[in-house]
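**Student:** So that we are looking at the same thing, I have put the structure below in C-alpha cells.
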C-alpha cells in the first residue's frame with residue numbers, strides 16, 4: 001500500500017506502521033463529525049487521514065495525519081486518498097465528478113457518488129424519492145417568479161445545492177418574500193426548489209446504517225426540535241410515538257438506504273403531521289446531528305457504525321443503553337453587552353460536571369460565535385423530565401445563559 005505524497009505537511013511518523021495494521025480511511029472535511037469519528041477509530045485501531053479545509057479546524061486537532069486543502073481540487077483529493085482503502089465524508093459537498101474519478105482510481109468511495117448526489121441535490125432527491133413512492137411534500141423546480149406563482153403560497157424555497165443548518169432556506173408567504181432566494185440562487189448559480197409549507201406536529205429523525213454487503217441496522221426513531229434552522233434538541237426515543245409508526249419510519253429509512261445504495265449512516269429527517277402522516281424532509285449520508293445521542297445512549301454509536309460500514313465490517317448493535325437519552329446542542333452565545341466575549345467553554349466544566357456526574361459533554365474545539373455549534377451534551381436515565389432538565393441546564397450553563405447560578 002502506497003503512502004500519500006511526502007509533501008503532505010502533517011503526516012504522523014508512524015503512519016506506515018498504522019497502515020500495515022489496518023486499512024486507512026480517508027475523511028474529507030475537518031468539522032466536528034470527522035472529529036467524532038476519531039475516538040471510535042482509535043478504539044478499533046483504524047488509521048484516519050483527513051483533508052481539512054484550514055489549519056487547526058475541529059477534526060485536525062485530533063487527527064494528526066491530515067492535509068490542508070480544498071475538497072473541490074481533484075489533485076488534492078487524490079493526494080489525501082492515495083493508499084487509502086476507502087474515503088468517506090464529514091460533509092456532502094465534494095463534486096460528484098471528482099468522486100467518480102476517485103472510484104475509477106480504485107478508492108472505495110462510501111457513500112458512492114450515485115448515492116451521495118441525493119444528499120447533494122435536493123431536487124434530484126425529491127424526484128428520486130417520489131419515483132420510489134416515498135411520502136414527500138409537494139414540490140417543484142422553480143426558475144422564475146411565474147413558476148413560483150404557479151406553485152402557490154405559502155411555500156418553502158430552498159437552494160438545490162449547498163444549503164445546511166437553515167442556510168439556503170426561505171419561508172415565502174407572498175412574492176416579495178422570494179426576492180432574497182432568487183438573488184442568492186442567481187449569485188451562486190444554483191436552482192431553486194419550492195416545497196409546500198407542511199403543517200407538521202413535530203420533526204422526527206430515523207437513522208440507519210448500511211454496509212456494502214447489505215447488512216443494515218436501525219436506531220430508535222427520535223424527536224428533534226430546531227432553533228433558527230439548527231438542530232437544538234433530540235429526545236431518544238421519540239416520546240409518544242406509536243410502535244407501528246416508529247417501525248414504519250425505520251423501514252422507510254432502511255428501504256431508502258437500500259434503494260439508493262447508501263454505504264454508512266443515512267439520516268432521514270421526517271415531518272409527523274397531526275393525523276400521524278410521515279413525510280420525508282431531508283436526507284443526510286453521513287453521521288448526523290440527530291444521532292449524536294448515540295455516543296452515550298446506544299450500544300454502538302453512529303460514528304463507530306459508520307466506520308464499520310465503510311470497511312464492510314459487521315455492524316454493532318444500535319440498541320439504547322437507557323430508557324431515555326436527551327441531546328442538547330451548545331450554540332455559541334453573543335458577546336456581553338459591554339462587548340466582551342462570554343468566556344471559554346472550558347470554564348463551564350466545574351459547575352456542569354459537579355452538578356451532574358453522569359452528564360456527558362462533547363466540545364468541538366471551536367471558538368464561540370453566535371449561533372455556531374460548538375458542542376453538545378448528552379443526559380441519559382430512566383426519567384425523561386429529569387434527562388431534559390439536566391441536559392438543558394448544562395447546555396445553557398456552557399452557553400452562559402444562567403449567569404452566576406450555583407445550582
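**Student:** Restricting attention to segment 45-60, which residues are touching a helix residue (DSSP H, G or I) at 6+ places or on another chain (Cβ under 7 Å) and at negative phi?
**Tutor:** 46, 47, 48, 49, 50, 51, 52, 58, 59 - these are the residues of segment 45-60 that are touching a helix residue (DSSP H, G or I) at 6+ places or on another chain (Cβ under 7 Å) and at negative phi.
**Student:** Looking only at segment 260-289, which residues are more than 28 Å from residue 27 (Cα to Cα) and assigned to a strand (DSSP E or B)?
**Tutor:** If the condition is that a residue be more than 28 Å from residue 27 (Cα to Cα) and assigned to a strand (DSSP E or B), then 271, 272, 273, 278, 279 are the ones that fit.
**Student:** For residue 38, which of the numbered conditions (1) under 17 Å from residue 302 (Cα atoms); (2) in contact with a helix residue (DSSP H, G or I) (Cβ under 6 Å, 6 or more places away or on another chain); (3) assigned to a helix (DSSP H, G or I) fails to hold?
**Tutor:** (2)
**Student:** Tell me whether segment 112-124 contains one or more residues that are in contact with a strand residue (DSSP E or B) (Cβ under 6 Å, 6 or more places away or on another chain), within 14 Å of residue 26 (Cβ to Cβ) and surrounded by fewer than 23 Cβ atoms within 10 Å (Cβ to Cβ).
**Tutor:** no
**Student:** Applying the selection to segment 47-57, what residues are surrounded by 23 or more Cβ atoms within 10 Å (Cβ to Cβ) and either touching a strand residue (DSSP E or B) at 6+ places or on another chain (Cβ under 6 Å) or not in a loop (DSSP other than H, G, I, E, B) (or both)?
**Tutor:** 48, 49, 50, 51, 52
**Student:** Taking segment 7-35, which residues are closer than 22 Å to residue 291 by Cβ and either in a loop (DSSP other than H, G, I, E, B) or at pLDDT below 95 (or both)?
**Tutor:** 29, 30, 31
**Student:** Working carefully through the options 249, 178, 257, 187, find the one that is buried (at least 16 other Cβ atoms within 10 Å of the Cβ), outside the structural domain of residue 329 (by TED's automatic domain parsing), in a helix (DSSP H, G or I) and without any contact (Cβ under 8 Å) to a residue 60 or more places away in the chain.
**Tutor:** Going through 249, 178, 257, 187 in turn, the sole match is 178.
**Student:** Sticking with this structure for a sec: Please work out if residue 72 is under 23 Å from residue 162 (Cα atoms), surrounded by fewer than 17 Cβ atoms within 10 Å (Cβ to Cβ) and at pLDDT 95 or above.
**Tutor:** Against the criterion (under 23 Å from residue 162 (Cα atoms), surrounded by fewer than 17 Cβ atoms within 10 Å (Cβ to Cβ) and at pLDDT 95 or above), residue 72 qualifies.
**Student:** Follow-up question, since we're still on this one. Tell me which of these residue 97 doesn't satisfy, since it passes every other one: (1) in contact with a strand residue (DSSP E or B) (Cβ under 7 Å, 6 or more places away or on another chain); (2) under 30 Å from residue 24 (Cβ atoms); (3) surrounded by fewer than 16 Cβ atoms within 10 Å (Cβ to Cβ).
**Tutor:** Tallying (1) in contact with a strand residue (DSSP E or B) (Cβ under 7 Å, 6 or more places away or on another chain); (2) under 30 Å from residue 24 (Cβ atoms); (3) surrounded by fewer than 16 Cβ atoms within 10 Å (Cβ to Cβ), residue 97 fails exactly one: (1).
**Student:** Looking at segment 359-399 only, could you name the residues that are over 25 Å from the mean Cα position of the chain (by Cα) and in a loop (DSSP other than H, G, I, E, B)?
**Tutor:** 382, 383
**Student:** Right, residue 138: in contact (Cβ under 8 Å) with a residue 12 or more places away in the chain, touching a helix residue (DSSP H, G or I) at 6+ places or on another chain (Cβ under 9 Å) and surrounded by fewer than 17 Cβ atoms within 10 Å (Cβ to Cβ) or not?
**Tutor:** yes
**Student:** Here's something else I'd like to know. Has segment 98-109 got at least one residue that is closer than 23 Å to residue 270 by Cα and modelled with pLDDT of 95 or more?
**Tutor:** There is no residue in segment 98-109 that is closer than 23 Å to residue 270 by Cα and modelled with pLDDT of 95 or more.
**Student:** Take segment 313-329 and flag every residue that is assigned to a loop (DSSP other than H, G, I, E, B) and touching a strand residue (DSSP E or B) at 6+ places or on another chain (Cβ under 9 Å).
**Tutor:** 315, 316, 317, 318, 319, 321, 322, 323
**Student:** If you don't mind, another one. Among the residues of segment 290-306, which ones are part of a helix (DSSP H, G or I), surrounded by 23 or more Cβ atoms within 10 Å (Cβ to Cβ) and under 17 Å from the mean Cα position of the chain (by Cα)?
**Tutor:** 290, 291, 294, 302, 303, 304, 305, 306
The values are calculated or read from the model by the stated rules, or taken from the named source; none is laboratory data. The model shown is predicted, which means the values in this text are computed figures rather than measured ones. Note: ideal-geometry Cβ built from the backbone for every residue, glycine included; neighbour counts use all protein chains shown.
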